[in-house]
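S.K.: Just passing along the structure, written as structure tokens.
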Amino acid sequence: MIIETPKDPKFKRIYEKHCKLLKLNGLQPKTIDAYSRAIRRIGQYFEHDLNHLSFDQLTDYFSDLVESHSWSAVKLDLYGLKFFYTHVLKKEWVDIPMVKAPKTSRIPDILTIKQLQSLFMATNRLSYRVFFFVTYSMGLRLGESLLLQVGDIDTDKMKVHIRDAKGNKDRLVPLPHNALSVLRNFWRVHRHPTFIFPNRKRGLTNAHLAEKPMDRGGVQTAMKSVVTELGIKKRSLAIRCATALQPIC
């Protein structure tokens, strides 16, 4: 189903209010996008009348949604609707007990050291190769690595300050000596005064002029390309330094 931008004047007004309140509540950009998309989708489903939805109507909506989307999307729509009810419509929210993902217990796949080394070496572009190594060696999320700044690296305490991590919280992570060495050598190439991983559009020669960090989509595309090339079939590539990468660090 294609989710259209709201055109109904009345719904468009409350949708725009929803978007403004999401920002004012300090939610992360990805959460804002998800909750906004949820209201567009739900609004489209109910012909833009969300003021008096019954339990049966919501049951029908989420039953249809779970047939065509992941449980992650279902949860985000539920949370987005809850925010809309409580902050925009100013109505009391009653939890919907039937929306509950089935319980699963999976152990994430772990890459071997040999596979990790192959992954790094198969990455031709220096910025991506350094990015992958640093992300894995410090056990960071993609977004956390992208936003790393020069001032976040504490070489005296061998710690890295991760800002606005999950839950909008900061945290400190250990800085492996190998990762520090790689970061220093990489910084000497681009010499950006702020970003550890400056945007690649100007090339490495002019990377010090970049106004923002590397593009998330470019990093993800590069990772998928290398994984496909190497024939690695794993459910999860989020490997922590304390497990598969420990000997490398």
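S.K.: Rounded to the nearest 0.05, what FRET efficiency do Lys224 and Phe55 give with R0 = 51 Å and r taken as the Cβ-Cβ distance? Could you check?
M.R.: Efficiency for this residue pair is about 0.80.
S.K.: Check which residues have an amide H placed less than 5 Å from Thr123's amide H, if you skip close sequence neighbours.
M.R.: Sorted by chain and number, the residues that satisfy this come to none at all.
S.K.: Give me the distance between the Cα centres of segment 16-76 and segment 162-215, rounded to whole Å.
M.R.: Going from one Cα centre to the other spans 35 Å.
S.K.: Convert each backbone phi in segment 193-201 into a coupling constant with the Karplus relation 6.51 cos²θ - 1.76 cosθ + 1.60 (shift: θ = phi - 60°), then list the ³J(HN,Hα) values in order as whole Hz, x for Gly and Pro.
M.R.: Whole-Hz 3J(HN,Hα) from phi for segment 193-201: x, 10, 7, 6, 10, x, 3, 8, 4.
S.K.: By the scheme Lys and Arg +1, Asp and Glu -1, what is the net charge of all other residues having a beta-carbon under 9 Å from that of Gly43?
M.R.: Residues near Gly43 contribute -1 overall.
S.K.: Let me ask something else. Length gain on complete extension for the stretch His69 to Trp93, per 0.36 nm per residue less the alpha carbon to alpha carbon distance?
M.R.: 6.3 nm
S.K.: Pull up all non-local amide H partners of Gln149: gap of 5 or more, or a different chain, and H-to-H distance under 5 Å with H placed in the peptide plane.
M.R.: The list, which skips near neighbours in sequence, is Ile196.
S.K.: If each residue's Cβ is checked for other Cβ atoms within 10 Å, how do Leu148, Leu142 rank with the fewest at the top?
M.R.: So the residues, fewest neighbours to most, are Leu142, Leu148.
S.K.: Relative contact order of segment 9-88: what whole-number percent is it, with Cα pairs under 8 angstrom and at least 6 residues apart?
M.R.: RCO, segment 9-88: 45 percent.
S.K.: Here is a further query. Report the label-to-label distance for Asp8 and Thr86 in nanometres (one decimal), using points 7 Å from each Cα along the Cα→Cβ vector.
M.R.: Each label point is offset 7 Å from its Cα along the Cβ direction, giving 2.5 nm.
S.K.: Karplus couplings for segment 33-44 from phi (6.51 cos²θ - 1.76 cosθ + 1.60, θ = phi - 60°), rounded to Hz, Gly and Pro as x?
M.R.: Those phi angles translate into 4, 5, 5, 5, 4, 4, 6, 5, 5, 5, x, 5 Hz.
S.K.: Once label points are set 7 Å from the Cα along Cα→Cβ at both Arg216 and Lys17, what is their separation, rounded to one decimal in nm?
M.R.: For the pair Arg216/Lys17, the computed spacing is 2.9 nm.
S.K.: Same structure again: What is the spin-label model distance, in nm, from Gln117 to Thr194 if the labels are put 7 Å beyond Cα along the C-beta direction?
M.R.: 3.9
S.K.: Another one. Among Ile196, Ile14, which comes first, then next, by fewest other beta-carbon atoms within 10 Å?
M.R.: Ile14, Ile196
Since every read-out is calculated from the coordinates, none of them should be taken as a lab result. Here the structure is a predicted model, which is why all the values come from computation and not from measurement. Please note: Cβ atoms are built from the backbone with ideal geometry, for glycine as well, and neighbour counts cover all protein chains shown.
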